[in-house]
Structure formats: C-alpha cells, structure tokens
Amino acid sequence: MTRTYAVKYKSKSKMLTTPELVAQTEEDIKALELVKDVVIKEDGQVVTVEVENEEDFEPVMDRVINIFRRIDDKSEVSYKFGLNRE
C-alpha cells in the first residue's frame, strides 16, 4: 500500500534541493521498520511511502514526521487526498 503526503517547510532554505539530500532522507525513511519503499519528489515537498498493511501507516508516519522535523523543526507533513488519486 502506498500513500502520498505533502511536506510544508517553514524555511525554503531547509528544503531538500539536492539529489544528495533527497537520497539521504529516503535512506533514513527506508531504514524504518515496516517501510517497503519511499520516493521523495519536488524538493522534498511530496513524499510517497509504501508499507505492507494499512495499519502500518500510523507508526511509520510518526517516525517520518520526526525525520522531517530534524530537517526543519517547523515542518508539517500532511495527507492530501488529491495526491492519492490513481
């Protein structure tokens, strides 16, 4: 199962503007238990997370939010229905 989330940064300078920052953040998220895959796009503003079961999203996203808060302590990660239409 995959879900896509929007990430809002307080400061544009904290956005993931280089491939190295994106790759490092993807690796940090992939290292989390229950995460099968992750893709980060649009300078870190769109994050797609894949897990095995729907009930895995809550514990995984708690940790993902913490990862983005380390990057920008005022960042907000939110589920956007429009990003999840397929």
Can we say V60 is within 13 Å of the chain's Cα centre (by Cα), at pLDDT 95 or above and open to solvent by 40 Å² or more (accessible area, probe 1.4 Å)?
-> no
Return the residue satisfying two criteria in turn: it lies in segment 1-43 and is out of contact with any helix residue (DSSP H, G or I) (no Cβ under 9 Å at 6 or more places or on another chain), open to solvent by 70 Å² or more (accessible area, probe 1.4 Å) and assigned to a helix (DSSP H, G or I), and of such residues it is farthest from R70 (Cα to Cα).
-> P19
Selection within segment 44-72 - outside any helix (DSSP H, G or I) and acidic (D, E) | E50, E52, D72
Number of the exception - E27 against (1) under 15 Å from T2 (Cα atoms); (2) at pLDDT 95 or above | (1)
For residues in segment 48-64 being in contact with a Lys or Arg (Cβ under 8 Å, 6 or more places away or on another chain) and not aromatic (F, W, Y), which is farthest from A23 (Cα to Cα)?
-> E52
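The values are calculated or read from the model by the stated rules, or taken from the named source; none is laboratory data. On a predicted model such as this, the values are computed, not experimentally measured, just so you know. Note that each Cβ is placed from the backbone with ideal geometry, even for glycine, and that neighbours are counted across all protein chains shown. Each accessible area value is taken on the protein alone, full model and side chains, heavy atoms only, with ligands, DNA and RNA left out. Shrake-Rupley method; radii C 1.70, N 1.55, O 1.52, S 1.80 Å.
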